[in-house]
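The values are calculated or read from the model by the stated rules, or taken from the named source; none is laboratory data. Just so it is clear, the structure is predicted and the values come from calculations on it, not from any experiment. Heads up, the Cβs are rebuilt from the backbone with ideal geometry, glycines too, and the neighbour counts pull from every protein chain shown. Please note that ligands, DNA and RNA were not included when accessible areas were found on the heavy atoms of the full protein model with its side chains. Shrake-Rupley method; radii C 1.70, N 1.55, O 1.52, S 1.80 Å.
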Amino acid sequence: MKRFRSFAQIQKSLNEKNASCLDVVNYYLAQINQRKHLNAFLEVFDQEAKDRAVQIDQKIQAGKAGRLAGMVVGLKDVFCYQGHKLQAASKILEDFESQFTATCVQRLLDEDAIIIGRLNCDEFAMGSSNENSAFGPVLNAENENRVPGGSSGGSAVAVQANLCTVALGSDTGGSIRQPAAFCGVIGIKPTYSRVSRYGLLAYASSFDTIGVFSNTIEDNALALEIMAGKDDFDSTVSSRPVPEYHKKLGFEGKAKIAYLKETLESEGLNDEVRQNFIDTIDRLKEEGHEVEAVDFPLLKYALPTYYILITAESSSNLSRYDGVRYGYRSPNTLNMESMYKKSRSEGFGEEVQRRIMLGTFVLSASYYDAFYTKAQKVRRLIKNKVQDLLETHGFLVMPTTPTTAFELGSHTQNPLEMYLADLFTVQASVAGVPSISIPNGKDSDGMPFGLQIMANFFEEEKLYAFSNTMLK
Amino acid sequence: MGMQNRDQYEIVVGLEIHAQLATESKIYAADANLYGNEPNTNVSVITLAHPGTMPKLNKKVMEYAIKMGLACQSNITRLNIFCRKNYFYPDSPKGFQLTQDKTPICVGGKIDINTPTRGEIGIRLNRIHIEEDAGKSIHQANEKDTLIDLNRAGVPLIEIVTEPDIRSSEEAAAVVTEVRKIVRFLGICDGNMEEGSLRCDANVSIMPRGSDRFGNKVELKNMNSIRNVKNAIDHEVDRQIQLVESGEKIISETRTYNPNTGESQGMRTKEELNDYRYFPEPDLSPVEVKEEWLEQIRKDMPVLPAELKVKYMEEYQLPEYDASFLSETRAISDFFNELCQLTTNYKAASNWMMGPVKSWLNEQGADMATFPLTATRMAELISLINDGKVNFTIASQQLFKAMIAEPETSAEKLAKKLKLTVQKDSGFLEEVVDEILKSNPDKVKAYHNGKKNLIGMFMGELMKETKGKADPKTAKETILKKLEQHK
């Protein structure tokens, strides 16, 4: 059977009539079946994907196929897809079926993409190792004793292990970039507001961003440009026109690149990761780019700012899961109050409950100004500084993560240790700028390094072009 | 307790009035905003707070709220940020209410009322903000479970919050009455308190007369008529005075008033109240009220009752009583304004509105919006009388009703068809007058002896004989002439 690693390969086969969409789907279904133990998929829409492939093959024959005909897509379990289950890897959404389709998913479907299934993740996208799923952890295909990262661990592994062409993820503080780095694939978190969030199960609304996992920049750019742009159902989405990212993937000239001194001085930074990053800087210089170390004293505030604000928003966003209208309701309830308490205590996992409690605390009247208000101010400062920096420098680079993929179970006892995995990814989330993680070699254990590259607001086009050049 | 005790205290009341806005769809979803449908029929995924949904603001809601603000002379907030008020309750699907906190759409302003003790006063407004209504929890007899109807969830509301400027239950009732009049006039709310489209909570406290320190306030809820607003406040004031007089403390709490028993009951003390954890709604972009939008809304504003009343009194020279009635509702004033474009006999127009039109509406239990005659027809009627072609009694008792039955026919045509036009033929009148004077020789004598007001009696007889169709001017002249001949 033919192997497919990119949409370009699929299109070539389709064009040369070496394969049909059905063949492509069958290839991925066989892969999924073979690598079930990775636990990447929560549900595979096998028959439906095959039926759709047949229809799209007919459209291709008739010359009426959309731009994504032949692309097979996996969805993190946080995207609404009408008539399909949606659970955010949580018990509390037991048996919930979505009654509508997310804008971004619909746009892919309209271009004849095939949705192959629902991907495992940390419960409600809260986590950095995919160990918080109610359906068990996902294994890193590079080394099955290691975590794939999180929260979009299933999406990263699905692309890493060739279980689909591209996968959608959501990134609130690193949930795309960190697992992309751990799994050695490409993952982008676009500018906040670039893609409509309508139909994305909300975690922390002012941070939540929809992005793409892929093996090639071209696939990534194509999927994003189709999903991005104005949407009447999301008042916060940008109405800025979307460039054709995938058509301009050659980076011309020399860039002015910044890296933060604080990054290299970070306590939690693993030696091999540091060395890999220093080598990267050297390489960039050798290639003639101007690379400059800059001070960013606010960096140490990014993580606390992030955790205060995202827990605040999530405590409110998750209030709707109460067992009243849908999802899990505890059978042991006596009255209204016990229905709330028991349904939520039994339905939510430990990490989710921890964040709801933290968020409720930081929003409470006595602590509001000390935490929430202050964090909002710091967020503004960080955003302005990042924006200034990216006006004088074309790109900001840093390691995506302080370590490579760690062993399963190694941080589950200490949530603070786990939170440090987000150390380098939260900055772009707090600021809202686009950021991509690309594979950047492997450590002595054979685990992938990720290089994170940020650009200024809405500069995805430039980011893709530069990343593409870096990967060549 | 005696009323003499009451005089020693000053009553302090602030109101929070919720008005459901009469928009076609809900505030954050396209679901119909309709009262009385089958439960849970106007509920989309947004209303049900399904995962992945986001609010989509209905701009009409902003427009209606701004109209209310302009009517109350409030300042309009240009950058509106929406906020989440977090609390758990089964009829609140999102687990929070999407409302406004730090940037209410209208700030300040006033409601003018007329009081017996303080004259014309303006009750200051603190704010008017936009929010969404909750669903309904239904507790049925024989039913263990509570049932939830979410048709009302997401229905747009404005909350009008007054300053504690109100000093009596009568003033409170007057404020609610005035608010109801304005919202109806603006067409932004039907003002129906029984159905809950207009709801009122009152914060009530007392303090010794002359003091400037307010007492602990009690919030009264569940007042579903203007009369209940007044009664509930009266009852609460009595309760508070009784507590103070017996040396007890007034606890800040929320109480509900039961109109059937006339008693109130404590719901919860303020100490136990939720911490609502307000924070800016990140799923809805702040909405800017741009100058051109505001200007457009200003242009679309109707002339308001207070202004109309002045216009009617000054420009049309109508008495205050007439002016008040004619500016009471939008439908009446719109009709009257149109009528006054077609006739300059404003007093006659007013008399028709306050007399036959109002009586007919009362008889039919109808409102002005369903009145079958156009202003043009009413103007024709007025001008027939003006020209002496039909007299008022005939017009109001017969022609008016005939016109209502046949609104497409002109007044004059109908009058002719029904032979209701005035007899101007003095030859015919002379014969009738002769007959009347002949059969009343003693009255004729009395007239010539100085009882000149007997002319009225002769006119009455004449009208009776002619079934009211005599032209009064011609009739009077004829009687005077004949009286001279019968000297």
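Odds and ends about this structure:
- Hey, B:Lys476 free of Cβ contacts under 8 Å to residues at least 40 places away in the same chain and either part of a helix (DSSP H, G or I) or more than 22 Å from B:Ile394 (Cα to Cα) (or both) or not: yes
- Qualifying residue in segment A:123-142 (condition: within 19 Å of A:Leu42 (Cα to Cα), within 14 Å of chain B (Cβ to nearest Cβ) and of a type in the set (D, E, K, R)): yes
- Evaluated against (1) away from chain A (no Cβ under 14 Å); (2) buried (at least 23 other Cβ atoms within 10 Å of the Cβ); (3) not in a strand (DSSP E or B), B:Gly154 falls short on exactly one condition, (1).
- Hits in segment B:73-89 - residues which are touching a Gly at 6+ places or on another chain (Cβ under 8 Å), open to solvent by 10 Å² or more (accessible area, probe 1.4 Å) and at the interface with chain A (Cβ under 10 Å from one of its Cβ atoms): B:Tyr87, B:Phe88
- Of the residues making up segment A:208-221, those that are buried (at least 24 other Cβ atoms within 10 Å of the Cβ) and either more than 13 Å from every other protein chain (Cβ to nearest Cβ) or aromatic (Phe, Trp, Tyr) (or both) are A:Gly211, A:Val212, A:Phe213, A:Ser214, A:Ile217, A:Asp219, A:Asn220, A:Ala221.
- Filter result (touching a Lys or Arg at 6+ places or on another chain (Cβ under 8 Å) and open to solvent by 10 Å² or more (accessible area, probe 1.4 Å)) within segment A:140-157: A:Ala141
- If only residues of segment A:83-101 that are within 16 Å of A:Tyr198 (Cβ to Cβ) and among the polar types (S, T, N, Q) are counted, the one that is most open to solvent (accessible area, probe 1.4 Å) is A:Gln99.
- Selection status of A:Tyr306, under 23 Å from the mean Cα position of the chain (by Cα) and more than 11 Å from chain B (Cβ to nearest Cβ): yes
- A:Arg177 falls short on exactly one of the conditions (1) crowded, with 24+ Cβ neighbours inside 10 Å; (2) within 14 Å of chain B (Cβ to nearest Cβ), and that condition is (2).
- The one condition from (1) open to solvent by 10 Å² or more (accessible area, probe 1.4 Å); (2) among the small types (Gly, Ala, Ser); (3) assigned to a helix (DSSP H, G or I) that B:Ala172 does not meet is (1).
- Extreme residue, nearest to B:Pro302 (Cα to Cα), among residues of segment B:90-107 that are in a strand (DSSP E or B) and either of a type in the set (A, V, I, L, M, F, W, C) or open to solvent by 10 Å² or more (accessible area, probe 1.4 Å) (or both): B:Cys106
- Count of residues meeting criterion [buried (at least 18 other Cβ atoms within 10 Å of the Cβ) and part of a loop (DSSP other than H, G, I, E, B)] in segment B:113-151: 5
- Given (1) open to solvent by 30 Å² or more (accessible area, probe 1.4 Å); (2) farther than 30 Å from B:Thr374 by Cβ; (3) in contact (Cβ under 8 Å) with a residue 12 or more places away in the chain, number of the condition B:Tyr447 does not satisfy: (1)
- Output for segment B:135-148, where each listed residue is more than 12 Å from chain A (Cβ to nearest Cβ), under 21 Å from A:Thr333 (Cα atoms) and modelled with pLDDT of 90 or more: B:Ile138
- Taken together, A:Lys247, A:Lys230 contain a single residue that is away from every other protein chain (no Cβ under 14 Å) and open to solvent by 40 Å² or more (accessible area, probe 1.4 Å), which is A:Lys247.
- Residue selected from segment A:314-334 under the condition among the hydrophobic types (A, V, I, L, M, F, W, C) and assigned to a loop (DSSP other than H, G, I, E, B), by the criterion nearest to the other protein chains (Cβ to nearest Cβ): A:Val324
- Counting only strands (runs of 3 or more DSSP E) that sit wholly inside segment B:194-296, those with at least 2 residues that are surrounded by fewer than 18 Cβ atoms within 10 Å (Cβ to Cβ) and out of contact with any helix residue (DSSP H, G or I) (no Cβ under 7 Å at 6 or more places or on another chain) are B:198-208, B:253-258, B:263-269.
- Total residues in segment B:304-321, condition free of Cβ contacts under 8 Å to residues at least 12 places away in the same chain, open to solvent by 100 Å² or more (accessible area, probe 1.4 Å) and farther than 26 Å from B:Lys67 by Cβ: 1
- Only listed residue being farther than 30 Å from B:Thr466 by Cβ, open to solvent by 30 Å² or more (accessible area, probe 1.4 Å) and out of contact with any Gly (no Cβ under 6 Å at 6 or more places or on another chain), chosen from B:Glu363, B:Glu328: B:Glu328
- Filtering A:Glu267, A:Glu337 for residues that are modelled with pLDDT under 95, assigned to a loop (DSSP other than H, G, I, E, B) and open to solvent by 70 Å² or more (accessible area, probe 1.4 Å) leaves a single hit, A:Glu267.
- Criterion violated by B:Ala65 - all others in (1) under 32 Å from the mean Cα position of the chain (by Cα); (2) assigned to a strand (DSSP E or B) satisfied: (2)
- Any hit, segment A:16-31, residues being touching a helix residue (DSSP H, G or I) at 6+ places or on another chain (Cβ under 6 Å), free of Cβ contacts under 8 Å to residues at least 24 places away in the same chain and surrounded by fewer than 24 Cβ atoms within 10 Å (Cβ to Cβ): yes
- When segment A:349-360 is filtered for residues that are buried (at least 20 other Cβ atoms within 10 Å of the Cβ) and within 13 Å of chain B (Cβ to nearest Cβ), the ones remaining, listed by number, are A:Ile356, A:Gly359.
- For segment B:115-122, the count of residues that are away from every other protein chain (no Cβ under 14 Å) and over 25 Å from B:Ala174 (Cα atoms) is zero.
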